[in-house]
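Here, each number is a calculation from the coordinates, and none is a lab measurement. Nothing here was measured: the structure is a model prediction, and the numbers come from that model. Don't worry about glycine lacking a Cβ; one is built from the backbone with ideal geometry, like all the others, and counts go over all protein chains shown.
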Amino acid sequence: MLRLVPILIVLLLPPCLAGPDRLNVLAIGQVLPGQSPIPDWFDADPLVDYVLVPTDVDVTSSVFASGKYGTDEAWRRYIRIYFPKTRKQLVENFDFFVFPDGYIDPFTPRQISDIKFAITIGLGSFLTTGGDLSSPSARDYPGWKSSVLNEILPIELNDKMKQDGSAFSISVIKKDPPLLSMFIPLGIESFKGRFAFTYLTTRPGANVWAKLRSPTLPSTASGDWLVSWRVGDKGGIFWVVADDLDSTWWSPMYGPCENAYAMDVFFNILLYSTGRLLPEDVSSVHRVRQMYWRFNEEKLLLFSLLDFVDRFGASTRKIEEAVERFDSLKEESFDQYRKQEFESAFLTMEGVLKEMKAASDEAMRLKDRALLWVYLTEWFTVTGTLFITLFVTYTLLVKRSLYREVGTTAYRGGH
């Protein structure tokens, strides 16, 4: 029987590196499922392999970190397991860093120096600043301010930074290359984001790709939303965004998300930073990625149904074999995607999802059949108990056939 592998374990495992066509990402900070859209995004694109190094969770998810939520000891344990042991491994096995709420205090100075070295020789990097790096009083700020990574940021960490929880939208400034501008016809400038951004001070020489529009933005603030620069002559591109990936501009972590193309924006940043071509038809790429995302969701649902049905002893072999076929077809679609045959990849996944729907319906029928026997057993048990109770009640209290009348005795005086 197929069993659900714990999601945390699966997503933290190192990727199987598959040649130069793959894009290998090391995500550090608030990166766990349910905390960040990153696992869902990366699972939806066959070009990406990734490793998660969690160093932050929200208070509501203290179940993570093995009961030691918020302690640097827990994060150092994850770092020891999942962060590359040597500078050479870091440089050779990864193309890009992502720091969503990137709490770096648990890292050793040597490890932070290795990250800086990797960026200076070509690895890209993306840092969010709307959450725990939004102001000098925020938790992540001191660690970044005092680290060697501060030297290569395209922004200044200063006391002008302040977290603003107002709604905002963006205005695309840099339109060539069309990393963001290709989304303008799709409404990217009208999507609203909520739950925290900060005021950035962009360093001279950095590129400003988009600016914030918000009624609470001070006139003295630059309003820069997404900025970047290349670190040195041969270094990677370092990106900084004024909000966070759990902002509703990027994801529905804390509220409805209007922006259906957030994942595609992020992947454009990855592609551009690693010297890959941007998609010519982003709508086609978007709908294929949505298919992969739906596949992952449907597969988790199917596994949960199979696990439930299996507990009642029902045979699930036929559906398990179908799941293996679905995985094979998904890999076929992945190959088509990597060859930029997006229409073929879409049609393959469309067929797979139809078959998965049929498999889910069959699993539901097995569930209903299993529960029917449970309900029948309970009904017979309750009904049998009722009849026995009625019989005993009638026999003893109504018919009284088992009773004998008590005889009377006469009093004899003197004895």
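Taking the Cβ-Cβ separation of Ile388 and Asp307 as r and a Förster radius of 41 Å, what is the calculated FRET efficiency to the nearest 0.05? Kindly include the intermediate steps, with their values, before the conclusion.
Values: r = 37 Å, r/R0 = 0.90.
With R0 = 41 Å, the Cβ-Cβ based efficiency is 0.65.
For a quick check: sort Met263, Met253 by the number of other beta carbons within 10 angstrom, fewest at the front.
Lowest count first: Met253, Met263.
For Lys174, list the lysines whose Cα falls under 19 Å from its own Cα; do not include residues on the same chain fewer than 8 positions away.
Partners within reach: Lys211.
Which label marks the calculated value of log10 I(q)/I(0) by the Debye sum over Cα atoms at q = 0.07, 0.11, 0.13 Å⁻¹, given the options (i) -0.35, -0.82, -1.11; (ii) -0.43, -0.88, -1.16; (iii) -0.37, -0.92, -1.22?
Recomputing log10 I(q)/I(0) by the Debye sum over Cα atoms at q = 0.07, 0.11, 0.13 Å⁻¹ here picks out (ii).
Restricting to DSSP loop positions (anything but H, G, I, E, B) with no more than 15 other Cβ atoms inside 10 Å of their own Cβ, which trypsin sites (Lys or Arg not before Pro) remain in region 195-284?
Lys234, Arg276
Nothing charged except the Cβ atoms of Lys and Arg (+1) and of Asp and Glu (-1): what's the magnitude of the dipole of the chain about its Cα centre? Round to the nearest 20 debye. Spell out each step's value before the answer.
On the way: 45 positive and 51 negative charges, 259 e Å.
My answer is approximately 1240 debye.
Binning at 10 angstrom from zero up to the longest distance, how are the C-alpha pair distances of region 284-370 distributed in percent?
18, 45, 24, 11, 1
Points 7 angstrom from Cα along the Cβ direction at Arg80 and Leu376: gap in nanometres?
About 5.6 nm separates the two model spin labels.
Checking the table Lys88/Lys116; Lys330/Lys354; Lys116/Lys160 against a 18 Å threshold on Cα-Cα, which pairs fail?
Lys116/Lys160
Taking 0.36 nm per residue of sequence separation and subtracting the Cα-Cα distance, how much length would be gained by fully extending the chain between Ser137 and Glu280, in nm to one decimal?
Here the answer is 47.2 nm.
List the relative contact order of region 7-277 as a percent without decimals, with contacts defined as Cα pairs under 8 Å and 6+ residues apart.
17
Order these by the 10 Å Cβ neighbour count, fewest first: Trp293, Trp209, Trp225, Trp250.
Ascending number of Cβ neighbours within 10 Å: Trp293, Trp209, Trp250, Trp225.
Within the chain, which complete DSSP H helices have Cα atoms spanning at least 20 Å along the helix axis and a mean Kyte-Doolittle hydropathy of -1.0 or higher? List each step's numbers first, then the result.
Numbers: long enough: 282-310 (42 Å, 0.00); 317-338 (32 Å, -1.47); 342-393 (74 Å, 0.48).
Result, helices passing both filters: 282-310, 342-393.
Among Pro39, Pro178, Pro215, which one shows the highest mean-square fluctuation when the chain is modelled as a Gaussian network with alpha-carbon springs under 10 Å?
It is Pro215.
Once you have the Cα-Cα distance between Thr220 and Tyr254, take 0.36 nm times their residue separation minus that, and quote the gain in nm to one decimal.
Stretched fully, the Thr220-Tyr254 segment lengthens by 9.3 nm.
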